[in-house]
Amino acid sequence: MNIDSQEMNNQKNNQSVLSHLDGNGDITMVDVSSKTATTREATATGQVRFPSEIYEQIKAADGMTKKGSITQTAHIAGIMAAKRTHDLIPLCHPLPLDKIGLTFAYDDAISSITVTGIVKVTHRTGVEMEALTAVSVACLTIYDMTKALSHDIIIDNVRLINKTGGKSDYKHA
């Protein structure tokens, strides 16, 4: 066996453990029909970091811009995004979400707004992608609402914090 064939076999073997690839490495939507519906919840977070003078300007205005409230607009956008995750991420299942919650916290130490999203469903598949999508779109909306003040805004640290339900739970260390 030459190196190229060996590497291809290794890649095939590694790909077979990814949920959206079948044993041949072909893309597939996960079949959840045999799974039991359980209550599943996921929490994600992300940050929007600003230059300190811009952050102070946003805080002094209580998050209001000419476009309206930064966090209220981002809240609605995050909820809408979570509900449409299956339209954005090709292999996600459409889910009847039971809860979508977003919170926004100003962090003076690093001139940022932290967005946290919690999504809950009773179904046969989890809601990690919905929580991550809600947070990502909320962060993007904050960027959109404040880009007139500066383009030196950084969206950072979007990640899953925890998930419960299904075959395994997860908690970020």
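Which of the residues spanning the range 97-119 are out of contact with any Lys or Arg (no Cβ under 9 Å at 6 or more places or on another chain), under 15 Å from residue 129 (Cβ atoms) and free of Cβ contacts under 8 Å to residues at least 60 places away in the same chain?
none
Quick one: which residue in 131, 148, 81, 77 is outside any loop (DSSP other than H, G, I, E, B), among the small types (Gly, Ala, Ser) and either touching a strand residue (DSSP E or B) at 6+ places or on another chain (Cβ under 7 Å) or surrounded by fewer than 19 Cβ atoms within 10 Å (Cβ to Cβ) (or both)?
Answer to the check: 131.
In the range 89-115, what count of residues is obtained for those that are among the small types (Gly, Ala, Ser) and closer than 30 Å to residue 125 by Cα?
The total comes to 2.
Hey, can you tell me all the residues within the range 163-173 that are part of a strand (DSSP E or B) and buried (at least 16 other Cβ atoms within 10 Å of the Cβ)?
Correct list: 163, 164.
Given the criteria of a type outside the set (Val, Ile, Thr), within 16 Å of the chain's Cα centre (by Cα) and surrounded by fewer than 16 Cβ atoms within 10 Å (Cβ to Cβ), does residue 156 qualify?
Considered against the rule, which asks whether it is of a type outside the set (Val, Ile, Thr), within 16 Å of the chain's Cα centre (by Cα) and surrounded by fewer than 16 Cβ atoms within 10 Å (Cβ to Cβ), residue 156 comes out as yes.
Select from the range 95-128 the residues that are in a helix (DSSP H, G or I) and within 14 Å of residue 80 (Cα to Cα) and list them in ascending order.
Listed by number, the list is empty, since nothing qualifies.
Which of the residues that make up the range 17-60 are small (Gly, Ala, Ser) and under 25 Å from residue 81 (Cβ atoms)?
19, 37, 42, 44, 46
Checking the condition within 26 Å of residue 148 (Cβ to Cβ) and of a type in the set (Asp, Glu), which residue from 108, 98 passes?
Criteria check complete, one pass: 108.
Got a number for residues in the range 29-63 being among the acidic types (Asp, Glu), touching a strand residue (DSSP E or B) at 6+ places or on another chain (Cβ under 9 Å) and not in a loop (DSSP other than H, G, I, E, B)?
1
Sort through 85, 71 and tell me the only one that's in contact with a helix residue (DSSP H, G or I) (Cβ under 9 Å, 6 or more places away or on another chain), touching a residue at least 12 places away in the same chain (Cβ under 8 Å) and more than 30 Å from residue 31 (Cα to Cα).
71
Among the numbered conditions (1) loosely packed, with under 13 Cβ neighbours inside 10 Å; (2) in contact (Cβ under 8 Å) with a residue 40 or more places away in the chain, tell me where residue 59 comes up short.
It is condition (1) that residue 59 fails.
Only the coordinates and a few stated rules stand behind these numbers; no lab work does. In this text, all values refer to a predicted model and were calculated from it rather than measured experimentally. When we count neighbours, we look across all protein chains shown, and the Cβ atoms used for this are built from the backbone with ideal geometry, even at glycine.
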